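Everything on this sheet refers to the single structure shown next.
The values are calculated or read from the model by the stated rules, or taken from the named source; none is laboratory data. Everything numeric in this text was worked out from a predicted model, so none of it was measured. Here Cβ is always computed from backbone atoms with ideal geometry, including for glycine, and neighbour counts include all displayed protein chains.
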Amino acid sequence: MPPPEHRLNITPAGIPRATILIVPPLFDEANRLRRTLALAMRALAADGFAAVLPDLPGQNESLVALDAVDLEQWQDALATVAAGIDGPVVIASVRGGTLLDHRANAAAWWRLAPVGGASLLRTMMRARVTADRQAGIESSLDSLQEAAKTAPLLLAGNLLSAAMVAQLGSADARPVAPLRSIGLGADGIAGTPLWLRAEPGEDAAMASAIAADISAWIQTCGIS
C-alpha cells in the first residue's frame, strides 16, 4: 500500500474554530489556482481556522498513477480525509472540486463556480483536438470519446482512465446541506478566472475575498 498522500496544512496560533477542507479544481486547473488557494488558507488561519488542502491518489506527488484512479475513488478518498479530521469540518470546493465533496461528512459546504464534469471533459478534449491538428494528427471529439471507452486518454497532460472519462461525462455537483454556492464576478467573489490562464497565477484580493466569504458563511451556520 502506498504511503498517505501529501496534505498542505495551515493552522492558527490557538485551537482551531473549525477546519476548512479545501477541494481544488481538477486536473490542470488545480495548478493555476493553487497559489491563490494557499493565500486563502493563510487568511483563514489568521481568522482562527485550520485549513487543509489534500492531494488525492494520482494528484501531484502521489505514487499512484492517475490512470489507475477514477472519480468515485477520489470521492471516497476525500471522504476519508474528512473523517480523519477532529472537530467541525467545512468543505470548500472550487470548480470541478465540487464533483467530489458530497460523500464526505461535513458541518457545512461552500462551493465556488461549480462546473459539470461534461463541461470539463469537453474543454480538455477540444484542447486535445487543437493540439493534434497542429501536430498534423486527425482527431475529433467523437473519435476521442470512442477511444476513451477502451483505453486511457491523454487530455491536457493528464492520462485519464476509461472509467474517469465515463464518470466525468455524467458528473454534476450533488445536493448537500447546508450549502453556500457562489460565483465569480460582480454578484459573487471579486477576482479573475485564473483557471482560464495558460500559466499559474495569483490573485491576493481574490484569496482574501474567498476567506472572508467562507468565514461569514461559517458564522451563519452557527459553527464556532
Item to check | Leu112, sole failed condition from (1) surrounded by fewer than 15 Cβ atoms within 10 Å (Cβ to Cβ); (2) among the aliphatic types (A, V, I, L, M); (3) in the same structural domain as Val23 (by TED's automatic domain parsing) | outcome: (1)
Checklist entry - If you scan region 50-87, which residues turn out to be part of a loop (DSSP other than H, G, I, E, B), without any contact (Cβ under 8 Å) to a residue 40 or more places away in the chain and under 24 Å from Gly157 (Cα atoms)? => result Gly58
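Does Ile10 satisfy the condition of being within 20 Å of Ile218 (Cα to Cα) and either touching a residue at least 12 places away in the same chain (Cβ under 8 Å) or among the acidic types (Asp, Glu) (or both)?
Working: within 20 Å of Ile218 (Cα to Cα): yes; either touching a residue at least 12 places away in the same chain (Cβ under 8 Å) or among the acidic types (Asp, Glu) (or both): yes.
The answer is yes for Ile10.
Check whether at least one residue in region 52-61 is in the same structural domain as Ala156 (by TED's automatic domain parsing), buried (at least 18 other Cβ atoms within 10 Å of the Cβ) and out of contact with any strand residue (DSSP E or B) (no Cβ under 6 Å at 6 or more places or on another chain), and report yes or no. If you could, list the steps in order and put the result at the bottom.
From region 52-61, those in the same structural domain as Ala156 (by TED's automatic domain parsing) are none; that's our starting set.
Taking every residue of region 52-61 in turn, none turns out to be in the same structural domain as Ala156 (by TED's automatic domain parsing), buried (at least 18 other Cβ atoms within 10 Å of the Cβ) and out of contact with any strand residue (DSSP E or B) (no Cβ under 6 Å at 6 or more places or on another chain).
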Checklist entry - Is it true that Val90 is in a strand (DSSP E or B), over 14 Å from the mean Cα position of the chain (by Cα), modelled with pLDDT of 95 or more and not polar (S, T, N, Q)? => result yes
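Would you confirm whether or not region 187-202 contains a residue that is assigned by TED's automatic domain parsing to the domain that holds Leu21 and hydroxyl-bearing (Ser, Thr, Tyr)? Spell out the reasoning first.
Initially, region 187-202 is screened for residues assigned by TED's automatic domain parsing to the domain that holds Leu21, giving 187-202.
Pick out the ones that are also hydroxyl-bearing (Ser, Thr, Tyr) and you get 192.
Yes.
Give the number of residues within region 148-166 that are of a type in the set (Gly, Ala, Ser) and surrounded by fewer than 15 Cβ atoms within 10 Å (Cβ to Cβ).
Pass one, region 148-166, residues of a type in the set (Gly, Ala, Ser): 148, 151, 156-157, 161-163, 166.
Narrowing further to those that are surrounded by fewer than 15 Cβ atoms within 10 Å (Cβ to Cβ): 151, 157.
Counting residues in region 148-166 that are of a type in the set (Gly, Ala, Ser) and surrounded by fewer than 15 Cβ atoms within 10 Å (Cβ to Cβ) gives 2.
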Next on the checklist: I'm trying to understand the selection: among the residues of region 113-131, which are within 22 Å of Pro175 (Cβ to Cβ) and free of Cβ contacts under 8 Å to residues at least 12 places away in the same chain?
Outcome noted: Ser119
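From the list Ile210, Ile214, exactly one residue is in contact (Cβ under 8 Å) with a residue 24 or more places away in the chain, out of contact with any Phe, Trp or Tyr (no Cβ under 8 Å at 6 or more places or on another chain), closer than 24 Å to Asn31 by Cβ and buried (at least 19 other Cβ atoms within 10 Å of the Cβ). Which is it?
Working: Ile214 fails: out of contact with any Phe, Trp or Tyr (no Cβ under 8 Å at 6 or more places or on another chain).
One residue alone meets the criteria, Ile210.
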Checklist entry - What do you reckon, is Thr11 of a type in the set (Ser, Thr, Tyr) and buried (at least 22 other Cβ atoms within 10 Å of the Cβ)? => result no
Checklist entry - What single numbered condition from (1) more than 20 Å from the chain's Cα centre (by Cα); (2) exposed (fewer than 14 other Cβ atoms within 10 Å of the Cβ) fails to hold for Ala177? => result (1)
Item to check | Single unsatisfied condition, Trp110 versus (1) assigned to a helix (DSSP H, G or I); (2) farther than 22 Å from Leu144 by Cβ; (3) aromatic (Phe, Trp, Tyr) | outcome: (1)
